[in-house]
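The structure appears right after this line, and notes come after that.
The values are calculated or read from the model by the stated rules, or taken from the named source; none is laboratory data. Keep in mind that what you see is a predicted model, and the values were worked out from it rather than measured. Using ideal geometry, Cβ is built from the backbone for each residue, glycine included, and neighbour counts are taken over all protein chains shown.
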Amino acid sequence: MDLQLTGKVALVSGSTAGIGYAIARTLAQEGARVIVNGRTASTTEEAAARIHSETGGTVEAYAGDLSRAEAAEALLQRFPAIDILVNNLGIFEPKPFEEIPDEDWLRFFDVNVLSGVRLSRLVLPAMKRANWGRIIFISSESAVQIPTEMVHYGMTKTAQLAVSRGLAESVAGTGITVNSVLPGPTKSRGVGDFVEDMARASDKPFEQVEAEFFEHVRPTSLIKRFASPQEVASLVAYVASPLASATTGAALRVDGGVVKSAF
């Protein structure tokens, strides 16, 4: 299927590994001009070069912490007309609720929510002038099933849904769409490392630790395994395309059936 993304300029925040990397690579495969983002120049440039090598696409690197206003503003000075914004930048950390200090609540909100708010605000004027654009927030199934082991993370994922829906309503009747995508447990770099550490600590193979995770921690999963970053990226690429012009204001799940709801 031709997603009609040739020539579109796409920014994927936090895209040097995991879900963000898979999204950037898939958009590049589909012909978009992709801006890869990471915190350090070496990591970002290496990821951009790897995606170019894998896809032959047009890929550029922008190193900077996009949770900071000055980095976001500098990026828009360099790339003033972004057609597709994927707000993927995010952090997570399991921690008991009573041990989460105020500073962590503020830090999680700043990185996971305000980074996307700020970037969306910056790219929107050019999208309005073109009467076309795609803004996608990478949320999580944790937005609707708050994980007790990291309530502060779940809070930020719920906030992304509210921002996404409100922004979609604010551009009603235009060629701009705004959506959230909700991955479930995904074998991204952080999760993969976490499970590998658990496997080593318990002297069990990865597959056994994975099976136990879905038996005890995410028992509602219907696929009973971690999704791959590419499975998430495939949905994001479609939502970013002109083919998804009637999909807006939505919270789209690619959660392996973890959320126990038909709606």
Item checked: One residue from G14, G31, G38 being touching a residue at least 12 places away in the same chain (Cβ under 8 Å) and more than 19 Å from I138 (Cα to Cα) -> G31
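Those residues that are of a type outside the set (S, T, N, Q) and either touching a Pro at 6+ places or on another chain (Cβ under 6 Å) or closer than 18 Å to L76 by Cα (or both), I need them from the range 8-23; list them, please. Step through it out loud before you land on a result.
In the first step, residues of the range 8-23 are kept if they are of a type outside the set (S, T, N, Q); the result is 8-12, 14, 17-23.
K8, V9, A10, L11, V12, G14, G18, I19, A22 - these are the residues of the range 8-23 that are of a type outside the set (S, T, N, Q) and either touching a Pro at 6+ places or on another chain (Cβ under 6 Å) or closer than 18 Å to L76 by Cα (or both).
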Margin query: Take the residues in the range 80-108 that are crowded, with 16+ Cβ neighbours inside 10 Å and aromatic (F, W, Y); name whichever of them is modelled with the lowest pLDDT.
Written below: F92
Next item on the list: For T174, indicate whether it is polar (S, T, N, Q), touching a residue at least 24 places away in the same chain (Cβ under 8 Å) and crowded, with 16+ Cβ neighbours inside 10 Å.
Entry: no
Check: When you look at V59, is it crowded, with 22+ Cβ neighbours inside 10 Å, within 15 Å of A233 (Cα to Cα) and within 20 Å of the chain's Cα centre (by Cα), yes or no?
Finding: no
Notebook entry, point to check: Pick from the range 219-256 the residues that are outside any helix (DSSP H, G or I), surrounded by 19 or more Cβ atoms within 10 Å (Cβ to Cβ) and free of Cβ contacts under 8 Å to residues at least 60 places away in the same chain: which of them is nearest to the chain's Cα centre (by Cα)?
Noted result: A227
Checklist line | A159 surrounded by 15 or more Cβ atoms within 10 Å (Cβ to Cβ), without any contact (Cβ under 8 Å) to a residue 12 or more places away in the chain, assigned to a helix (DSSP H, G or I) and aliphatic (A, V, I, L, M) | finding: no
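Hey, can you tell me all the residues within the range 70-88 that are in a helix (DSSP H, G or I) and out of contact with any helix residue (DSSP H, G or I) (no Cβ under 6 Å at 6 or more places or on another chain)? Show your work before the answer.
To start, the set of residues in the range 70-88 that are in a helix (DSSP H, G or I) comprises 70-78.
Passing the criteria: E70, A71, E73, A74, L75, Q77, R78.
Given V195, V191, which one is in a helix (DSSP H, G or I), out of contact with any Pro (no Cβ under 9 Å at 6 or more places or on another chain) and aliphatic (A, V, I, L, M)?
Numbers: V191 fails: out of contact with any Pro (no Cβ under 9 Å at 6 or more places or on another chain).
The conditions single out V195.
In the range 94-141, which residues are outside any helix (DSSP H, G or I) and within 20 Å of A250 (Cα to Cα)?
Taking the range 94-141 and keeping what is outside any helix (DSSP H, G or I), we get 94-96, 100-101, 131-140.
N131, W132, G133, R134, I135, I136, F137, I138, S139, S140, listed by residue number.
With V209, V259 as the choices, which residue is crowded, with 17+ Cβ neighbours inside 10 Å, outside the structural domain of V34 (by TED's automatic domain parsing), within 22 Å of the chain's Cα centre (by Cα) and not acidic (D, E)? Can you show your working first?
Details: V209 fails: within 22 Å of the chain's Cα centre (by Cα).
That would be V259, the only listed residue that is crowded, with 17+ Cβ neighbours inside 10 Å, outside the structural domain of V34 (by TED's automatic domain parsing), within 22 Å of the chain's Cα centre (by Cα) and not acidic (D, E).
Is it the case that R200 is closer than 30 Å to A28 by Cα and part of a helix (DSSP H, G or I)? Write out each step before concluding.
Working: closer than 30 Å to A28 by Cα: no; part of a helix (DSSP H, G or I): yes.
Considered against the rule, which asks whether it is closer than 30 Å to A28 by Cα and part of a helix (DSSP H, G or I), R200 comes out as no.
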